[in-house]
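Heads up: the structure comes next, in structure tokens.
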Amino acid sequence: MNYNLNKINNKEKKTSTIAALKKLLELISAEKANLWMALIAILVNSTLLLLGPLIIGHTIDAYVRTKQFNGVLLFSALLFGMYLITLVTGYFQTKLMGGVGQRMLYTLRNAIFNKLQELPVSFFNQNKAGDLISRVNNDTDKLNQFFSQSLMQFVGSIVTMTGAGVFLLAINIKLGLAALSPAIFILVFTGIVSPWVKKRNASNLKSVGGMSAEIQESLNNFKVIIAFNRRDYFRKRFDQANQENYKTAIAAGLANNVFVPVYGMFSSLAQLIVLSYGIYLISRGEFTIGLLVSYFAYATNFYNPLRQLAALWANFQVAMAGWDRITEILSLTTDLKQSEDITGEKSNAVLEFRDVHFSYTEGEEILHHISFKLEKGKTYALIGPTGGGKTTTASLIARLYDPTQGRVLLNGKDIRSYSPEERTQKIGFILQEPFLFTGTVRENIIYGNLKYKDYTNAELEKVIEKAHLRELILLFDEGLETSVISGSDNISLGQKQLIAFMRAVLRNPDILILDEATANIDTITEKLLAIILEHLSKETVLVVIAHRLNTIENADEIFFVNAGEVVRAGTMQHAMDMLLEGKRNS
Amino acid sequence: MFFLFLFIHVFLTDLYNLDPMKEKTKAAKKPSIFSLLKPYKKLISYLILFALLSNGINLILPKIISYGIDSYSMGDFRMERILLYFSIAIVLVFIFTYLQSIVQTYASERVARDLRSRLSDQISRQSHAFITEANPAKLLTNLTADVDSIKLFVSQAIVSIASSIFLIVGASILLLSINWKLALAIIAIIPIIGGTFYLVLRKVKVLFKESREVIDWLNKVINESIMGSAIIRVINSQQIEYDKFITANARARDLGLSILKLFAGLIPLIIFVSNMAGLTILLLGGHFVITGSMTLGQFAAFNSYLAILIFPILVIGFMSNVIAQASASYQRIENVLNSPKLNHPGTITEIMKGDVKLENVALNFGQKPALKGISFELKAGSKTAIIGPTAAGKSQLLYILSGLIPPSSGELFYNGHNINAYMPEAFHSQVGFVFQDSIIFNMSIRENIAFSDTVTDESLQKAIDTAELQDFVSLLPERLDTVVSERGSNLSGGQKQRIMLARALALNPKVLLLDDFTARVDSNTERRILENVQNNYPDLTLLSVTQKVASVTHYDKVILLMQGEIIAQGTHQELIKTSPEYVQIHTSQQSTSNYELQS
């Protein structure tokens, strides 16, 4: 399955703004009550604020002109009361609307992360880490900016605009229509230009992703850059990405900025229309000067928020472009679904490959016609030249991938019919590249281990003692509490492998796969590991991949893996011969 | 023009940098975000110029309208003239706002690009220790999110604040000229609003800093869940990762809500204060009109100018949010930019013969010694192995030898010169290092191997042949130009290891440091590779960290390292006789050696 986000075909990508918005709104269905309350607050707030000038006007006409200061005092008190109310409604307007934005962002981020967890290993192999991180962080941040900063203004502006529009039409329908006609041009213009603006923003976000990937890769491997004296190369590569980003950012920026001048021009045009058409109407006796003056006020109240919307609209387009890129991830589904067992026949082996074929990319088959059985309590070794398919075979045992043809049976049932919990509990896999999480040794060795999660150190030490792991813990300066920083060199590769080993052993799986799991551990410590493995349950199946022969000499059976084929080697000697003759034509 | 700019500068610097705590602890004031703009004076001046021009003309529009109305009521109305004036004004405003938007885009993007270049330049000159310390994830945030918030500052805050101050000053002057008593009462709202802003922003600034840290935290969780995606799926620990993420995400949400709460209080308060100013006009102005000390027209003018006064205050409020974020980001970027640059006093560029000598080298991690009293000598062209248990300090020793980390004490000599006397370029091009962990870049195999710029086609080919990569490469669809994916996930462990060897050999190094190179390569290939190295690079000084005794029996020297100390050194034969620890290691591999001898 194709998981490469940058190569997914763009056919379905033509989602309209409204459709995208609808999807987004689904995420906040729980916020309905808050949205209604916010809307009420906004309506009350805007109404009161719009009424203010009207009341002031009335006070002037009725009391200031007639020199009645008592009346002025009375209406001032009324205004003061109104303003006090807006203090409350204004607070709730911002708080409710902004709260919706923040919680929506929270839900959205969770949804994306959840999706990341759901997707299979292939997805991560096909995408650059930096690009993924940029999508999750940078693109959601674009949405964040919109929700936390623009959304309130957006809604507020629309409400004020609508109110002013109603007044314009109510006072004089002819002049109202004329005053509003430039808005139609704006609408058409926005409709035409928006997809183009969004596209430019999307390509900018893409180059931001590329740049992040570049930085990510270089910074994580900085020691190579130093040791090979390629600081200048790092600068050059980065400058290239930076320059590329600059270009797309300028293109996007120029597109985003097209709205403000155009909106401004059309709203001035509206004033001109009101002025000339208004005076024309007055000359024909259909309108009055007094009304014309208030008409300008309402026209301003209509077009000023519209101008604000222009700036916000660009933000909105950026957010939508980010949303599109996020939807690309959200719309992916895992190809490793749990399915019904359809084998029907039983197998006595713990694990069995039945005529398994596998390819990472279509047309390039890595494994052909693989069949073998693993039986209870036995140790199996996979040997063969580098690149022969050993790790791939092991990955299929652990169902990191599904075979393209054929079946893998676990205890006689199709491995696909097991739930992930059940499957991962039965199969342990120590990967070639050990990965540690930031934290302590303790946290890392019981990582994901529900049984020992809440054990105290004393209890855990008993478990460790029983599993014969104590001596390994002693290899860490501060034992269980030794701190670990992911991706750093603060502990050696050999130590990382020890942690990964302990992590797997403590889970006590039915099948334990060791993929070069001890390659960087010294031979004496390795003897210790062999003893630990011997103390595992008598029923545990061990699958060992190694180059070092002492680690595999105790194997009950040896499989020779080369050029995508798995052959039973019989004796150790036979295996050695094959290894020596074996041509690396994989 | 620059008077205004200066004014903004002083005003805002005072507003944001008056952090009493910091002033005490740090004598030198940190550069404000405005100092960042110095090199872009010209662009910024144009930006402000266009903004003020379009704003100024926009101020004239109501005048034209009132002129139209007045002239009509006086019966002197000429449509064409009004139309002409108005159209000219509209076109001018359009041109100026459009120009402003272009300048604004270029200015902000240029500031962002240059800042990123400066950052990357600074980062590229740092030591290995700095990068580890500074944390790549944080540096990534510096280069992306932090730069973005500064970009926003340049593109929006500067223009808005300049025009707002222009409008506030203009409106204030007009108000004063009409009725100074009433004007003073109205202008009094500006310091009130300013004070409120100042108090709220001081709180917000702390929250902004915290929310950036939470973003770092989120990044870290996402990072680890992506980098560790395989093990997470093997263990089925997605829920655990999800829980970690939710904790960080909830914190981010709560911080966002706290910031929001402050602003939710601030904005209505400001509107309320300005409404109070309106009320003052009504009451006080109404009183003046009633007593006859003010005309109704002046009263009306006061009202309209108040509207002009309030909007810019609100804009400054919104923009202060942007500035506070940008200042926090700039501080973080400045911290990186101000970190001391690596200083290489070394000048030697001479070609090494390959003699290496260590004198009493020690390395401490905090209090704990990782290496102590390491002394040994490697003759040019000799072969030496370092053997020792896991976590004995073998890799650290190689890191010191490769100049990646400096020893805590003791000295290193290459060719009789202290390592620091070499120019880094000259040094690194003569000392090749094959790291233990596979580091493959997302580029073509050719670029991965010819990673240094001094590699010729010839030495590239020689390196490929030596690392036994020719067969593998010839089977690839685009040969050497095939792009390998990040983290090399479409290569096997052994292939990655061999590419890394070829990368080091392509330098034609005088000294080659191998860190457990043979661990992932099958013994058959390993033997051929070591023979190739022997034949193709006969003068090479080889220092190899390894676990296999069998492959080092013929080496000139074997160094046994345990718990950071050299336990024994000598040839295999000597160590077998003198060192019980070595014998123990040897015995632990005995059975295997038998096999290898047979085969």
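The values are calculated or read from the model by the stated rules, or taken from the named source; none is laboratory data. Bear in mind the structure is a predicted one, so any value in this text is a computation, not a measurement. Positions of Cβ are generated from backbone atoms using ideal geometry, with glycine treated the same way; all protein chains shown enter the neighbour counts.
The set of residues from segment B:73-92 being more than 23 Å from A:Leu291 (Cβ to Cβ) and in contact with a Ser or Thr (Cβ under 7 Å, 6 or more places away or on another chain) comprises just one member, B:Ile90. Looking across B:Leu140, B:Leu152, one residue alone is under 30 Å from B:Pro406 (Cα atoms), touching a residue at least 40 places away in the same chain (Cβ under 8 Å) and within 14 Å of chain A (Cβ to nearest Cβ). It is B:Leu140. When each of A:Leu87, A:Leu73 is tested for being at the interface with another protein chain (Cβ under 7 Å from one of its Cβ atoms), in a helix (DSSP H, G or I) and surrounded by fewer than 22 Cβ atoms within 10 Å (Cβ to Cβ), the lone residue that passes is A:Leu87.
Here B:Gly354 passes the criteria (1) surrounded by 22 or more Cβ atoms within 10 Å (Cβ to Cβ); (2) closer than 30 Å to B:Val483 by Cα except the one numbered (2).
Any residue that is touching a helix residue (DSSP H, G or I) at 6+ places or on another chain (Cβ under 7 Å), at pLDDT below 80, under 22 Å from B:Ala230 (Cβ atoms) and in a helix (DSSP H, G or I) - is there at least one of those in segment B:470-484? No. Here B:Val234 fits the description: hydrophobic (A, V, I, L, M, F, W, C), within 7 Å of chain A (Cβ to nearest Cβ) and buried (at least 18 other Cβ atoms within 10 Å of the Cβ). For segment B:451-468, a residue qualifies if it is at pLDDT 80 or above and part of a loop (DSSP other than H, G, I, E, B), and the qualifying residues are B:Ala467, B:Glu468. One residue is enough: does segment A:254-266 have a residue meeting the conditions within 9 Å of chain B (Cβ to nearest Cβ), in contact with an Asp or Glu (Cβ under 7 Å, 6 or more places away or on another chain) and more than 19 Å from A:Ala164 (Cβ to Cβ)? Looking through segment A:254-266, none of the residues is within 9 Å of chain B (Cβ to nearest Cβ), in contact with an Asp or Glu (Cβ under 7 Å, 6 or more places away or on another chain) and more than 19 Å from A:Ala164 (Cβ to Cβ).
So which residues in segment B:540-573 are among the acidic types (Asp, Glu) and under 42 Å from the mean Cα position of the chain (by Cα)?
Of segment B:540-573, the ones among the acidic types (Asp, Glu) are B:556, B:565.
B:Glu565 - this is the single residue of segment B:540-573 that is among the acidic types (Asp, Glu) and under 42 Å from the mean Cα position of the chain (by Cα).
Among the residues making up segment A:267-286, a single one is more than 10 Å from chain B (Cβ to nearest Cβ), closer than 19 Å to B:Tyr67 by Cβ and not aliphatic (A, V, I, L, M): A:Tyr277. Going by what's in this entry, would B:Ser108 be described as of a type in the set (Ser, Thr, Tyr) and more than 20 Å from A:Leu205 (Cβ to Cβ)? Answer is no for this residue. Out of B:Ile310, B:Ile323, one residue alone is buried (at least 19 other Cβ atoms within 10 Å of the Cβ), more than 9 Å from chain A (Cβ to nearest Cβ) and under 27 Å from the mean Cα position of the chain (by Cα). It is B:Ile323.
Where in segment A:402-521 are there strands (runs of 3 or more DSSP E), lying fully within it, with 1 or more residues that are without any contact (Cβ under 8 Å) to a residue 60 or more places away in the chain and in contact with a strand residue (DSSP E or B) (Cβ under 8 Å, 6 or more places away or on another chain)?
Values: elements: A:405-410, A:427-430, A:511-515.
Output list reads A:405-410.
In segment B:373-391, the qualifying residues are those that are within 14 Å of chain A (Cβ to nearest Cβ) and either in contact with a Cys (Cβ under 9 Å, 6 or more places away or on another chain) or not hydroxyl-bearing (Ser, Thr, Tyr) (or both), and the one that is nearest to A:Glu526 (Cα to Cα) is B:Pro389.
In the set (1) more than 26 Å from A:Asn138 (Cβ to Cβ); (2) of a type outside the set (D, E, K, R); (3) buried (at least 21 other Cβ atoms within 10 Å of the Cβ); (4) more than 8 Å from chain B (Cβ to nearest Cβ), the condition left unmet by A:Met82 is number (3).
Would you call B:Ala450 in contact with a helix residue (DSSP H, G or I) (Cβ under 9 Å, 6 or more places away or on another chain) and either away from chain A (no Cβ under 13 Å) or more than 30 Å from A:Ala213 (Cβ to Cβ) (or both)? First the steps, then the outcome.
Values: in contact with a helix residue (DSSP H, G or I) (Cβ under 9 Å, 6 or more places away or on another chain): yes; either away from chain A (no Cβ under 13 Å) or more than 30 Å from A:Ala213 (Cβ to Cβ) (or both): no.
Against the criterion (in contact with a helix residue (DSSP H, G or I) (Cβ under 9 Å, 6 or more places away or on another chain) and either away from chain A (no Cβ under 13 Å) or more than 30 Å from A:Ala213 (Cβ to Cβ) (or both)), B:Ala450 does not qualify.
Evaluate the following for B:Asp121: is it at pLDDT 90 or above and either more than 9 Å from chain A (Cβ to nearest Cβ) or surrounded by fewer than 22 Cβ atoms within 10 Å (Cβ to Cβ) (or both)?
Working: at pLDDT 90 or above: no; either more than 9 Å from chain A (Cβ to nearest Cβ) or surrounded by fewer than 22 Cβ atoms within 10 Å (Cβ to Cβ) (or both): yes.
For B:Asp121, the condition - at pLDDT 90 or above and either more than 9 Å from chain A (Cβ to nearest Cβ) or surrounded by fewer than 22 Cβ atoms within 10 Å (Cβ to Cβ) (or both) - is not met.
Yes/no per residue for (1) over 14 Å from the mean Cα position of the chain (by Cα); (2) among the aliphatic types (A, V, I, L, M); (3) within 10 Å of chain B (Cβ to nearest Cβ):
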position	(1), (2), (3)
A:Leu96	yes, yes, yes
A:Arg103	yes, no, yes
A:Thr107	no, no, yes
A:Phe113	no, no, yes
A:Asp141	no, no, yes
A:Gly156	yes, no, no
A:Met161	yes, yes, no
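Of all the listed residues (B:His344, B:His287), the sole one being more than 27 Å from B:Ile161 (Cβ to Cβ) and modelled with pLDDT under 75 is B:His344. Take A:Ile366 and tell me if it is within 14 Å of chain B (Cβ to nearest Cβ), in a helix (DSSP H, G or I), of a type in the set (Val, Ile, Thr) and surrounded by 16 or more Cβ atoms within 10 Å (Cβ to Cβ). No: the conditions fail for A:Ile366.
Filter segment B:72-109 down to the residues that are more than 9 Å from chain A (Cβ to nearest Cβ) and of a type in the set (Asp, Glu), then identify the one that is farthest from the chain's Cα centre (by Cα). So, considering only residues that are more than 9 Å from chain A (Cβ to nearest Cβ) and of a type in the set (Asp, Glu), the one farthest from the chain's Cα centre (by Cα) is B:Asp76.
What tally of residues in segment A:373-397 results from selecting those that are within 20 Å of A:Val121 (Cβ to Cβ), facing another protein chain (nearest Cβ under 9 Å) and touching a helix residue (DSSP H, G or I) at 6+ places or on another chain (Cβ under 6 Å)? Residues in segment A:373-397 being within 20 Å of A:Val121 (Cβ to Cβ), facing another protein chain (nearest Cβ under 9 Å) and touching a helix residue (DSSP H, G or I) at 6+ places or on another chain (Cβ under 6 Å): 1 in total.
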